[in-house]
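K.L.:
Okay, here's the structure, questions in a sec.
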Amino acid sequence: MFTGEELVAALAQLGVTHVIWLPDSAIGVWETALESAPELSLVRVCREGEAWAIAAGLHLGGKSPLVMIQNTGLFDSGDALRNVLFDLGIPLYAVIGYRSYLIENSPDTAKKFTEPVLKAWGLDYVLIDRPGQIDTFVEHYRRCLAAARPGVALIAEGAM
Amino acid sequence: MPPMELLAALRVVADTRRDEIVVTTMGSAREWPKLSRHPLDFHYLPSAMGQSPMLALGMALAMPERRVISFTGDGSLLMNLGCLVTIAAAGPRNLTVIALVNRLYEVTGGQKTAAATSAHVDFAAIAAASGIAAAHSFDDLEAWRAAWPAIRDAVGPTFVALQVAPVGPAYQLVVPGPMRTRIEAFRHALRR
């Protein structure tokens, strides 16, 4: 949907300091750009639940972290998300790969449940489903930040 | 050798506390307030079980000028052993994780962890094999007391496993007030 360089430029514009991530094959192509951006720290986790808690600690310490995972990781990390966003009340933002969204009639249950799960959590999200929507992401991030509420950008993908 | 009493094991850290951030959860969140009322205590309650060291890692990365001590239980650690690899990869020089090992889920009534049935589960060895070079294990209070100052001041990340006795029927976990209020107080303490 956008290149790593476009993403890094957007994150710099937004003041993001840390990307905590466990990528899939679609967002994984941003790795080189993210790890070579001098103003960003890339934190690799072993499982997605870790990402929410690390981001919470960074936020408490005054930084501006961004969580970046796949939708399967969203499902897996539900308890950590619940705790950080709702018990601790920390308004984190996440970029989440939306596996199989672009495949018409996909039987992938990861596609089927992604948006219902975000709605169940009451999370404000935006869908990025075609090239050139970096501004949509930036604007949504800013709106969530200004309102001090958590947010998600779903990045539409093909197969895993 | 009988395991250490939890409160005595924690007192070793409390007695030599300077200005470290101390993150507690589960059993340590219940016992630590008996020893400390420091503004940089962060009681991670309610928590997501297994994520306390990750919260502490985030703090350590955000504030490299401060030392961060994270207490966790072995039941919690077992839920997220990968966190040790994550910590080793991030390499925070200012983070110490102290696992309180009693081989029980005391928070749910004292059921055994999967590790309780094996004498071979060695958390310090797991930490070392995960890439945390400074990994220690203690089952003797005096040895722990003697070693702690050097461990605390060492370049991290560091890991300590303490073999502690269950608290037993006295175990009662009380959430110490609204999280929002506690976070505001913690942030205020950080700004001072």
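K.L.:
Among B:Val101, B:Val97, which is closer than 25 Å to A:Gly49 by Cβ, more than 14 Å from chain A (Cβ to nearest Cβ), of a type outside the set (Asp, Glu) and in contact (Cβ under 8 Å) with a residue 60 or more places away in the chain?
P.N.:
Just a single option satisfies the conditions, and that option is B:Val101.
K.L.:
I've got another one for you. Can you find a residue that is within 12 Å of chain B (Cβ to nearest Cβ) and either β-branched (Val, Ile, Thr) or touching a residue at least 60 places away in the same chain (Cβ under 8 Å) (or both) anywhere in region A:111-129?
P.N.:
The answer is no, given that none of the residues of region A:111-129 is within 12 Å of chain B (Cβ to nearest Cβ) and either β-branched (Val, Ile, Thr) or touching a residue at least 60 places away in the same chain (Cβ under 8 Å) (or both).
K.L.:
Inside region B:137-146, can you point out the residues that are free of Cβ contacts under 8 Å to residues at least 40 places away in the same chain and either surrounded by 15 or more Cβ atoms within 10 Å (Cβ to Cβ) or among the β-branched types (Val, Ile, Thr) (or both)?
P.N.:
Across region B:137-146, the qualifying residue is only B:Ser137.
K.L.:
Moving on to the next point. Does at least one position in region B:105-123 carry a residue that is surrounded by 13 or more Cβ atoms within 10 Å (Cβ to Cβ), among the basic types (Lys, Arg) and either within 14 Å of chain A (Cβ to nearest Cβ) or touching a strand residue (DSSP E or B) at 6+ places or on another chain (Cβ under 8 Å) (or both)? Steps first, please.
P.N.:
Residues of region B:105-123 surrounded by 13 or more Cβ atoms within 10 Å (Cβ to Cβ): B:105-107, B:110, B:113, B:115-116, B:121-123.
Those left that are additionally among the basic types (Lys, Arg): none.
No; the residues of region B:105-123 include none that is surrounded by 13 or more Cβ atoms within 10 Å (Cβ to Cβ), among the basic types (Lys, Arg) and either within 14 Å of chain A (Cβ to nearest Cβ) or touching a strand residue (DSSP E or B) at 6+ places or on another chain (Cβ under 8 Å) (or both).
K.L.:
Out of the residues in region B:169-181 that are over 19 Å from the mean Cα position of the chain (by Cα) and at pLDDT 75 or above, state the one that is farthest from the other protein chains (Cβ to nearest Cβ).
P.N.:
From region B:169-181, those over 19 Å from the mean Cα position of the chain (by Cα) are B:169-170, B:177-181; that's our starting set.
If we keep only those that are at pLDDT 75 or above too, we end up with B:177-181.
Working: B:Gly177: 13, B:Pro178: 10, B:Met179: 6, B:Arg180: 6, B:Thr181: 11 Å.
Here the residue is B:Gly177.
K.L.:
Further, regarding this structure: Name the residue that is farthest from the other protein chains (Cβ to nearest Cβ), counting only residues in region A:32-47 that are more than 20 Å from A:Ser64 (Cβ to Cβ) and surrounded by 14 or more Cβ atoms within 10 Å (Cβ to Cβ). Lay out the reasoning, then the answer.
P.N.:
Our first condition is that a residue be more than 20 Å from A:Ser64 (Cβ to Cβ); within region A:32-47, this holds for A:32, A:46-47.
From the residues that got through so far, the ones that are surrounded by 14 or more Cβ atoms within 10 Å (Cβ to Cβ) too are A:46-47.
On the way: A:Cys46: 3, A:Arg47: 5 Å.
It comes out as A:Arg47.
K.L.:
Can I ask one more? Could you check region B:28-48 and list, in sequence order, the residues that are buried (at least 23 other Cβ atoms within 10 Å of the Cβ) and either of a type in the set (S, T, N, Q) or facing chain A (nearest Cβ under 10 Å) (or both)?
P.N.:
B:Ser28, B:Phe42, B:Tyr44, B:Ser47, B:Ala48
K.L.:
What number of residues in region A:48-64 are touching a strand residue (DSSP E or B) at 6+ places or on another chain (Cβ under 7 Å) and at the interface with chain B (Cβ under 7 Å from one of its Cβ atoms)? Break it down into steps so the answer makes sense when it comes.
P.N.:
Taking region A:48-64 and keeping what is touching a strand residue (DSSP E or B) at 6+ places or on another chain (Cβ under 7 Å), we get A:48, A:51-52, A:54-55, A:58-59, A:63.
Then keep just the ones that are at the interface with chain B (Cβ under 7 Å from one of its Cβ atoms); that gives A:54-55, A:58, A:63.
Residues in region A:48-64 being touching a strand residue (DSSP E or B) at 6+ places or on another chain (Cβ under 7 Å) and at the interface with chain B (Cβ under 7 Å from one of its Cβ atoms): 4 in total.
The values are calculated or read from the model by the stated rules, or taken from the named source; none is laboratory data. Predicted, not measured: the structure shown is a model, and the values here were computed from it. All Cβ positions, even for glycine, are placed from backbone atoms using ideal geometry, and neighbour counts span all protein chains on display.
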